[in-house]
Amino acid sequence: VDMDSMAIVLRGSGAWLAQDGWQSSRFNAGILGGDLGELALLLRTGSTVKGGKLSGSIQASWPGSPADFSLEKVEAELDLSAKNGRLVSVDEGAGKLLSLFSLNTLQRRLTLDFSDVFKEGFTFDKMQGHFVVMDGDVFTNDFTIKGSSAKIDIAGRTGLVARDYEQE
């Protein structure tokens, strides 16, 4: 299975198994590129992300044929990473001011790169995590967003079907 779009570049394989009236589908792929902001638009997540070059892997399975895929039935594991993007709807406040003086951004400042300070939202260098999907929920205990002015760690559950969350 190959998919090459602005939103995501996948290379992988799938299987459709049928035995004694029972069917299941399986999908494994490497994420070799794409844009997190474009993927968020495609999936209609309501997320306001700009940029973010994707990499990672997906292993998913569900009962039934490939056409029977649903968020309620899929079980999956994802390792996902995005580099150099921006969370547009985040207002950092004082974090923007602190990024001017952060030692982590010294190289940017020496090359007179202040783009992360003047852009709207929270500019991130890297966003990554391991996710487990089951029963319409996604779980993580190591989702990290690293930017010049802050590091955000997220752990908990997000309801893909119920559209709710319990996170720290």
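A short reminder: the numbers here are calculations on the coordinates, not readings from a lab. Note that this is a predicted model, so its numbers are computed, not measured. Counting neighbours? That spans all protein chains shown, and the Cβs are built from the backbone with ideal geometry, glycine included.
Give me the one-decimal nm value for the distance between modelled label points at residue 152 and residue 5, 7 Å along each residue's Cα-to-Cβ direction.
2.5 nm
Considering the zone a paramagnetic label at residue 18 would reach in this model (a point 7 Å from Cα along the Cα-to-Cβ line), which residues of region 54-84 have amide N under 19 Å from it?
62-70, by backbone N distance to the label point.
Loop-only trypsin sites (Lys or Arg not before Pro) in region 1-85, please: DSSP not H, G, I, E or B, and at most 12 other Cβ atoms within 10 Å.
The qualifying sites are 44.
Residue 141 versus residue 72, label points 7 Å from Cα toward the beta carbon: distance in nm?
Each label point lies 7 Å from its Cα, and together they span 3.0 nm.
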